[in-house]
Amino acid sequence: MRLPRLPFRELRRQPSRFVVATVVLAFLATLLLFLGGLLDGLYLGSTGAIRAQRSDAIVFSSSARDSFLRSRITPELRAEIEAAEGVGEVGGLGFVLLGAQVPGETELADVAVAGYEVPPAGVPTPGPDGQGVADSRLEDQGVQVGDTILVGPAETPITITGFVDDTAYLQQGTVWVNLATWRAVQNANRPDSAVADGVVQALVVTRDAATTLSGPLPELIDTTTDGATKTLTVEDAVLALPGVKQQGDTFDQIIYSTLVVVLAVVALFFSLLTIERMGLYGVLKAIGASTRRLFAGVLLQAVIVATIAFVVGSLLALAAAAALPAKVPLQLTPGRFLFTYAGLLVAAVLGSAISLRRVTRVDPASAIGGAG
């Protein structure tokens, strides 16, 4: 008798034993992927414009509370920052959130007009006044290359010359323009927040590779400006965006709670299955099967059930993603599928391991006698 074949034989000959657990785990896998996809969609759709910055630090004014929209960096303050120890390339950055009229569309598109000097990853150098490249998510709202969109209540025109990926800001498709165009949009549509020539919301700063720093670059900049600035790393600036950290913490708690439910389902199922098979285990032990090989069969079945459930759950999640409207921030990434599969496998292995105690305590004589 070749014991490694027994788990497969039972799955093939008595699949009804495993149907309920597989169906429940498939729906839990779908839930995990859906929650993870929402988390990834919210995170990627809110942070792309900042994650794309190829810099070592982002400088805000000290009173801005790490917010681009509240921050103001004057030319005088910029000069102090440029003179700080270890500072290399410096570029201005600014955002304004508005609606835009798209040719041929009846609904306004949500846009974030971003003025920049140092090109983020994937974004070309700033173009002429009145022109910009748009984040590809604006294609879902009808924007095409060559379109002139009218931004804000002042209907400021911007001609779209191309598209870039993964540069959205706070769930709005970004239109990347030069700083003069950004100021024109800001001043025409947000007169209460108008900015003067030379003023930007923040500065992206690259470390001077030829300089040996005496401390962390953000601290050196803030010390040089005597506390007039608040400097963050790009990673910290991403987490400082409104709602990003809170959303991540909330979704992570739900996802890990769901994995605990998966563990509980697997543990309960295989504990009940082990009780049903006590007689079979007694026979196998009586003919020389070791506890280790018996338990390996239980683990193998748990992994197979979890894998089948993951495949079914993935297909359901992909179908749901295709059926949902583009406005729902659901983004299923390869990393999310890998994380979910690994989580299911770990929960399945740990859950099935709970039945180990019953398997190790099987006495051949009493199990066979009880079964008879």
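The values are calculated or read from the model by the stated rules, or taken from the named source; none is laboratory data. Only a predicted model underlies this, so the values are computations on that prediction, with no experimental measurement involved. Reconstructed Cβ throughout: ideal geometry from the backbone, glycine too, with neighbour counts over all protein chains shown.
What to note about this one:
- Qualifying residue in segment 194-214 (condition: farther than 30 Å from LEU108 by Cβ, assigned to a helix (DSSP H, G or I) and among the hydrophobic types (A, V, I, L, M, F, W, C)): no
- Residue that is buried (at least 22 other Cβ atoms within 10 Å of the Cβ) and touching a residue at least 12 places away in the same chain (Cβ under 8 Å), where the choices are ALA109, ALA121: ALA109
- Strands (runs of 3 or more DSSP E) lying entirely in segment 132-180 (those with 2 or more residues that are crowded, with 24+ Cβ neighbours inside 10 Å and out of contact with any Ser or Thr (no Cβ under 7 Å at 6 or more places or on another chain)): 148-151, 173-177
- ALA184 vs. criteria surrounded by fewer than 23 Cβ atoms within 10 Å (Cβ to Cβ) and either in contact with a Ser or Thr (Cβ under 9 Å, 6 or more places away or on another chain) or not assigned by TED's automatic domain parsing to the domain that holds GLY99 (or both): yes
- Looking only at segment 37-66, and only at residues there that are in contact with a helix residue (DSSP H, G or I) (Cβ under 7 Å, 6 or more places away or on another chain) and outside any helix (DSSP H, G or I), the one that is surrounded by the most Cβ atoms within 10 Å (Cβ to Cβ): VAL59
- Hey, VAL96 outside any strand (DSSP E or B), in the same structural domain as LEU138 (by TED's automatic domain parsing) and modelled with pLDDT of 95 or more or not: no
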